[in-house]
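Written out below as structure tokens is the structure these notes cover.
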Amino acid sequence: MKRRAGFTLIELMVVIAILGILGATAVPCYRMIRQRACGSEAASMLKRILDAEIMYFLENDKFFPEVGQTIMIFHDDLPSKAEITQTKDALKITIPVGHSLDYSIATLPGPVCMVTISSYGNSFALFKDGSPSITGTVDDTGKMDIL
């Protein structure tokens, strides 16, 4: 009797089932890793921007931008956008674009600087509690609050 070379249908179905199980577990893990990475980047950038605002305040006796103005930087903006250049010149930091995060920097009366970093369009959670954004404030005494 001659033995045939190759795989049986059962063997192929077992392999496909194993690949399906691996794929089903990989997608949620990928989403969780993406969430953690974006959340870490948002928290890190918030701290950097607030520190830069303190340095700007110490040099100029005011926050950037002027009271009542808001700088909006979106994830899909070009690196040459005027707001990115203004922020880079004033705060000496570069706001990354293309990283799925939107930035809002505003100066309120008081003076208080408020920075909000959110997932683009609040489309996904940045943190375990499901929050799609992080907000921080700094006042003229240098007191920072992360909300």
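Once the stretch 69-96 is narrowed to residues that are under 16 Å from Asn122 (Cα atoms) and not in a strand (DSSP E or B), the residue that is farthest from the chain's Cα centre (by Cα) is Asp76.
Residues that are touching a helix residue (DSSP H, G or I) at 6+ places or on another chain (Cβ under 9 Å) and free of Cβ contacts under 8 Å to residues at least 24 places away in the same chain were ranked within the stretch 80-98; the one that is surrounded by the fewest Cβ atoms within 10 Å (Cβ to Cβ) is Thr94. Put simply, of Leu22, Leu46, Leu9 the only residue that is under 26 Å from Pro132 (Cβ atoms), hydrophobic (A, V, I, L, M, F, W, C) and at pLDDT 90 or above is Leu46. Taken over the stretch 35-67, the criterion of being touching a residue at least 12 places away in the same chain (Cβ under 8 Å), of a type outside the set (A, V, I, L, M, F, W, C) and surrounded by fewer than 16 Cβ atoms within 10 Å (Cβ to Cβ) is satisfied by Lys47, Arg48, Lys62, Glu66.
The values are calculated or read from the model by the stated rules, or taken from the named source; none is laboratory data. Only a predicted model underlies this, so the values are computations on that prediction, with no experimental measurement involved. Here Cβ is always computed from backbone atoms with ideal geometry, including for glycine, and neighbour counts include all displayed protein chains.
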